[in-house]
Amino acid sequence: MDLTDILIDAAVITMPFGVVLLLVKAVHLFVRRRWFFARTAGGPWRGVELIALSLGVGLPAYVAGLSVGWDSGGISTACERAVSVPPGGEGPPGPLTVAEGFLPLSSHCRWGDGTHLELVPGWVNVVVLAALAGVAVGTAVAVRGGARSEGAGERP
């Protein structure tokens, strides 16, 4: 099992929870007109909520980017299909090379004649990087809130 399979499995398992969380968050925002579930600024819960929301948005976007080569022929077939090559037909001249990356997410097809194509839509990496930033900020908020709540409990 390679890294792609692990990431896809993790995202597919957690994606329904993220979607439900986003729907609940939208209803909460509409009804309560309050950004966070937690009523007070102290404690780690606002950070935990930001982490969960970031993952709820980032994981589906990452899976959408990973799914460009999910057909039975693999990424090479996806490259040929993207340049409108009929099944069994010939594509651009020259050998096809595929370069894939996980962060930023990329599936880059390049043929010998210089034709090149990026299969992952541009918005995917923007959303994924914004989600990673949300996780980092959420972690900082949670750690800071946890330290504040522990410090407040020790005062006489």
Criterion (among the small types (Gly, Ala, Ser), at pLDDT below 75 and farther than 25 Å from residue 135 by Cα) met by exactly one of 72, 76:
72
Identify, by number, the condition in (1) modelled with pLDDT of 90 or more; (2) open to solvent by 60 Å² or more (accessible area, probe 1.4 Å); (3) farther than 26 Å from residue 75 by Cβ that residue 126 doesn't meet.
(3)
Matching residues in segment 132-156 - criterion: being within 12 Å of residue 45 (Cβ to Cβ) and either modelled with pLDDT of 90 or more or surrounded by 16 or more Cβ atoms within 10 Å (Cβ to Cβ) (or both):
138, 141, 142, 145, 146
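The values are calculated or read from the model by the stated rules, or taken from the named source; none is laboratory data. Bear in mind that the values here come from a model prediction, so they are computed numbers and not experimental data. Methodologically, a virtual Cβ is constructed for each residue, glycine included, from the backbone with ideal geometry; neighbour enumeration extends over all protein chains shown. Heads up: the accessible areas ignore ligands, DNA and RNA and are worked out on the full protein's heavy atoms, side chains in. Shrake-Rupley method; radii C 1.70, N 1.55, O 1.52, S 1.80 Å.
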